[in-house]
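No value in this document is a laboratory result; all are computed from the given coordinates. Given the structure is predicted, the values throughout are model-derived calculations rather than measurements. Ideal geometry is used to build each Cβ from the backbone, glycine not excepted, and the neighbour counts take in all protein chains shown.
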């Protein structure tokens, strides 16, 4: 069994079994695997990453491409200034790279939390793991990591192959909508519940 270190530093084992999916991954199956790989007990992004990667690395390349497509589709849906401003309040600051991580962490919370947050970001004021979302860089790169592991399994000892564009991160793009900026009063007015719960807590 092969073992790899993920960006967070933990060691994971290369999964060689088939995933829960068969053939082409659809959106309902995508959300099912996100939910089913959440760790038991206390939730952490790091533990979720390990369990999620173990499943995803069992996909065929075609399935992984579809998983990545749906994953990036959800990231794009969350790429709004409203969500960015909410992330800024929760973490008392949030740069471009950190917002990419935050969006990946939001997807990792599952469909119900994801959709509720898109509908009303103030939902996260009552969500116990909101401050972990910004730590999800490993989730952001999970499709790429799974692809590299699959390539190593197929061709042990070979040089790394270029990661298909569809699988790798799509880069930073301008969020849609409008931002209220970084003024605390404007942020408080936009997200009173988030501001009361999180502002300055991350410092």
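Note the full-extension length gain between residue 26 and residue 131 as 0.36 nm times their separation in residues minus their Cα-Cα distance, in nm to one decimal. Full extension of this stretch gives 34.9 nm more.
Ranked by the mean number of other Cβ atoms within 10 Å per residue, highest first, peptides 181-193, 86-98, 130-142, 25-37 order as 130-142, 86-98, 25-37, 181-193.
Taking other Cβ atoms within 10 Å as a rough exposure proxy, 82, 166 sort from fewest to most as 166, 82.
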